[in-house]
């Protein structure tokens with residue numbers, strides 16, 4: 001098991017694969033951001049109990065005609081990433097579509113502040 005005290009990266013999260021969590025592995029730095037983008041796109045809206053707006057509402061476009069579905073999907077993904085992954089700046093989203101699937105290629109870069117060190121703010125909350 002990975003000891004959290006030995007991680008030298010500022011930005012990291014537990015690594016996830018298509019099969020599920022990769023126990024004991026981390027996704028550091030840019031891999032962390034790429035994983036966050038994938039998770040945002042693949043998380044259906046209303047699937048996070050305490051935050052039903054979180055995610056990407058792609059299911060609503062399932063029965064749309066193929067020639068317009070892709071445009072709606074790109075717009076929905078762009079909005080979801082803008083809202084839920086503020087650490088990245090999306091430059092372009094391209095797609096390839098088949099009858100049963102759409103493959104998205106998201107061109108992005110980290111926002112400049114993400115590369116800086118974290119700042120610490122102490123907040124005292126009185127009960």
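The values are calculated or read from the model by the stated rules, or taken from the named source; none is laboratory data. Quick caveat, the model's predicted, so the values are computed rather than measured. Cβ placement follows ideal geometry from the backbone for every residue including glycine, while neighbour counts extend to all protein chains displayed.
For the reader, a short list of remarks on this structure follows.
- So residue 103, is it at pLDDT below 90 and assigned to a loop (DSSP other than H, G, I, E, B): no
- None of 122, 53 is over 20 Å from residue 32 (Cα atoms) and either part of a strand (DSSP E or B) or modelled with pLDDT under 85 (or both) except 122.
- The residues of region 63-86 that are surrounded by fewer than 16 Cβ atoms within 10 Å (Cβ to Cβ) and at pLDDT 80 or above, listed by number, are 63, 64, 65, 68, 71, 72, 75, 78, 79, 82, 83, 86.
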